[in-house]
Amino acid sequence: MNDEKIEEKKIPPGWGQDSLSEFIENAWHNTFATFHNVKDWYSILKDIHLVFDAITHNIDRTPDWFASFFLFRSHSAYLGSVRLALSGQTPETYIVLRGCLGNALYGFYVSRNAESREIWLRRRDEIEYCDQRLAFFHPGVGAPLAAGLLEKAIAYGCRKFMVCGGCGVLDKHMAVGSLLVVSSAIRDEGVSYHYLPPSRCAPLPFRSPSP
């Protein structure tokens, strides 16, 4: 873009006079500085965006709209993570980037498993099993969001919860895909201190499953 085509940014009245708009303004300055100082890295981000862009412009008439839906969501999350990364909000970038990878994997999976589409569409529905009402939900990323969604589920009437997830291990003899039953957890966040007395670890009450 030529310099003569760059118009002076029009700032609305009151902008920058409160802490929120001031923060956003500083984020913009960080974005410009990142673009100027690390153009090699910016070029890599741009190339990834162009790949997304080329794919999305060539699938607008595809009959497989379901997989395309996840691709658009993946691209949107990528753009959001780039915006955060350029402004210097690196830790927050990983949270949004996880949505990019997650949606891409969802799209890859449903494109090869047609029966999974109905399961995904009905993922928020309740089911009945052995005369018990069951529901499934994703707790999101991070303890604050997970706690908020858990409180919401409790308000809806849920009383018993089973938490499943993935993790890394330090034991090289542990094979990928092994099942682990957690007996305690090291507390490295702040949310649990609103529910339990302070301690290094949070022991989990264990009950033997009913026969």
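Details
- Residue list for the range 196-211, restricted to those being modelled with pLDDT of 85 or more and part of a loop (DSSP other than H, G, I, E, B): PRO197, PRO198, SER199, ARG200
- Condition check for ALA27: under 28 Å from GLY107 (Cβ atoms), among the small types (Gly, Ala, Ser), in a helix (DSSP H, G or I) and touching a residue at least 12 places away in the same chain (Cβ under 8 Å): no
- Residue within the range 177-191 that is within 24 Å of the chain's Cα centre (by Cα) and within 27 Å of PHE70 (Cα to Cα) present: yes
- Restricting the range 146-162 to residues that are among the aliphatic types (A, V, I, L, M) and in contact with a helix residue (DSSP H, G or I) (Cβ under 9 Å, 6 or more places away or on another chain), the residue that is modelled with the highest pLDDT is ALA147.
- Residue within the range 36-47 that is touching a residue at least 24 places away in the same chain (Cβ under 8 Å), hydroxyl-bearing (Ser, Thr, Tyr), surrounded by 11 or more Cβ atoms within 10 Å (Cβ to Cβ) and assigned to a helix (DSSP H, G or I) present: yes
- SER19 closer than 30 Å to ALA114 by Cα and either touching an Asp or Glu at 6+ places or on another chain (Cβ under 9 Å) or among the small types (Gly, Ala, Ser) (or both): no
- Pairs, first polar (S, T, N, Q) in the range 186-198, second modelled with pLDDT under 85 and surrounded by 13 or more Cβ atoms within 10 Å (Cβ to Cβ), C-beta under 9 Å, six or more apart: SER192/ALA143; SER192/ALA202
- Some residue of the range 152-174 being part of a loop (DSSP other than H, G, I, E, B), in contact (Cβ under 8 Å) with a residue 24 or more places away in the chain and either touching a Cys at 6+ places or on another chain (Cβ under 8 Å) or under 25 Å from GLY99 (Cα atoms) (or both): yes
- Comparison of LEU101, LEU134, LEU105, LEU121 shows that the only residue that is surrounded by fewer than 14 Cβ atoms within 10 Å (Cβ to Cβ) and in contact (Cβ under 8 Å) with a residue 24 or more places away in the chain is LEU101.
- Residues of the range 17-35 satisfying the condition of being exposed (fewer than 12 other Cβ atoms within 10 Å of the Cβ) and of a type in the set (S, T, N, Q): GLN17, SER19
- Scan of the range 137-151 for residues that are without any contact (Cβ under 8 Å) to a residue 24 or more places away in the chain and assigned to a loop (DSSP other than H, G, I, E, B), ordered by number: PHE137, HIS138, GLY140
- Residue list for the range 113-134, restricted to those being within 20 Å of TYR156 (Cα to Cα) and at pLDDT below 80: ARG122, ARG123, ARG124, ASP125, GLU126, ILE127, GLU128, TYR129
The values are calculated or read from the model by the stated rules, or taken from the named source; none is laboratory data. Just so we're clear, the structure is a prediction, and the values are computed from it rather than from any experiment. FYI the Cβ positions are ideal-geometry reconstructions off the backbone, even for glycines, and counts take in every protein chain you see.
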